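One structure below.
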Amino acid sequence: MVNVPDSLPARMYLLAHDPRRQRMTAGSRLGYVLRAAALTELFLDGRLLDERKRAVPGTPGNDPYGLLAQIASSRPRTWQHWVRKDSRAMKRRVQSELVDAGLIRVQEHRVLGVFPATRVTVRDPRVVKSLWRGASSALWGQPVAHVNSLDAAVVALAAAGEITTFLPRSERRRHKRRIADLSARSGPAPKAVRKVIEANTAAAAA
């Protein structure tokens, strides 16, 4: 039996893994995607609401990454703010959870004997293949309204965060309309990821 994690952040982390090079892709974007994935889970369950393009607490409930507590203790802020906040820590947290669950192995090493690097190995490649099949099915055939909400969110987040291991640029162009429809089902966080990345790109260019 393939042990596929229920957590949306864990799913996004695994889909960003490059099995050929045994490393993570997306760089700093991955932290934003993982934060957005956690926000999306809360939004889909009604634990977060969108008011005037701000994230606000909704129905009380489970808060696995402490985002509800952060948001409840703050004045209303944009979704982009919460996508940015603690994104590096979020990446470490999700990675640690996957190690503890026995889904990945993380090894520190040095490139050319000098530069520190991390090698990430998915212990059971079938897990990623199962996630890939589920998310890929969201791009084809059935009406958008019938797509599993987590699969829809995976596609929306992968497109917004440019997770090329799952959705290379050519596929994002090919399925642009479908991705837009799936993103509309997934709440404000995927759009916030895209805006954060665009702002970073513009700042770097300037």
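The values are calculated or read from the model by the stated rules, or taken from the named source; none is laboratory data. All figures in this text were calculated on a predicted structure; none of them were measured in a lab. Using ideal geometry, Cβ is built from the backbone for each residue, glycine included, and neighbour counts are taken over all protein chains shown.
The table for this structure:
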{"read-out": "Extreme residue, surrounded by the most Cβ atoms within 10 Å (Cβ to Cβ), among residues of the stretch 107-141 that are farther than 18 Å from PRO5 by Cβ, touching a residue at least 24 places away in the same chain (Cβ under 8 Å) and of a type outside the set (Gly, Ala, Ser)", "value": "LEU139"}
{"read-out": "Those residues of the stretch 145-156 which are within 17 Å of ALA180 (Cβ to Cβ) and surrounded by 14 or more Cβ atoms within 10 Å (Cβ to Cβ), in sequence order", "value": "VAL147, SER149, ASP151, ALA152, ALA153, VAL154, VAL155, ALA156"}
{"read-out": "So LEU49, is it surrounded by 13 or more Cβ atoms within 10 Å (Cβ to Cβ), touching a Gly at 6+ places or on another chain (Cβ under 9 Å) and more than 24 Å from VAL127 (Cα to Cα)", "value": "yes"}
{"read-out": "Residue check for PRO60: touching a helix residue (DSSP H, G or I) at 6+ places or on another chain (Cβ under 9 Å), more than 14 Å from VAL196 (Cβ to Cβ) and loosely packed, with under 13 Cβ neighbours inside 10 Å", "value": "yes"}
{"read-out": "Residue count for the stretch 16-72, restricted to those that are in a loop (DSSP other than H, G, I, E, B) and either under 20 Å from SER186 (Cβ atoms) or without any contact (Cβ under 8 Å) to a residue 12 or more places away in the chain (or both)", "value": "18"}
{"read-out": "Filter result for ASP18 (within 18 Å of SER183 (Cα to Cα) and either of a type in the set (Gly, Ala, Ser) or surrounded by fewer than 18 Cβ atoms within 10 Å (Cβ to Cβ) (or both))", "value": "no"}
{"read-out": "Residue list for the stretch 165-198, filter: in contact with a helix residue (DSSP H, G or I) (Cβ under 8 Å, 6 or more places away or on another chain) and farther than 22 Å from GLY141 by Cβ", "value": "THR165, GLY187, PRO188, ALA189, LYS191, ALA192, VAL193, ARG194, LYS195, VAL196, ILE197"}
{"read-out": "Residue under evaluation LEU112, criteria (1) at negative phi; (2) modelled with pLDDT under 95, criterion not met", "value": "(1)"}
{"read-out": "Helices (runs of 4 or more DSSP H) wholly inside the stretch 130-206 containing at least 3 residues that are modelled with pLDDT of 95 or more and within 24 Å of ASP50 (Cβ to Cβ)", "value": "149-160, 176-185, 189-205"}
{"read-out": "Filtered residue count, the stretch 173-202, keeping only those that are out of contact with any Asp or Glu (no Cβ under 8 Å at 6 or more places or on another chain), within 18 Å of ALA26 (Cβ to Cβ) and of a type outside the set (S, T, N, Q)", "value": "11"}
{"read-out": "Members of the stretch 42-60 found to be more than 19 Å from SER7 (Cα to Cα) and either in contact with a Cys (Cβ under 9 Å, 6 or more places away or on another chain) or among the basic types (Lys, Arg) (or both), listed by number", "value": "ARG52, LYS53, ARG54"}
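Each row is one residue, and each column tells you yes or no for (1) more than 17 Å from the chain's Cα centre (by Cα); (2) small (Gly, Ala, Ser); (3) closer than 25 Å to GLY66 by Cα.
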| position | (1), (2), (3) |
| --- | --- |
| GLU108 | yes, no, no |
| PHE115 | yes, no, no |
| PRO125 | yes, no, no |
| SER130 | no, yes, no |
| GLY141 | yes, yes, no |
| THR164 | no, no, no |
| LEU167 | no, no, no |
| HIS175 | yes, no, no |
| SER183 | no, yes, yes |
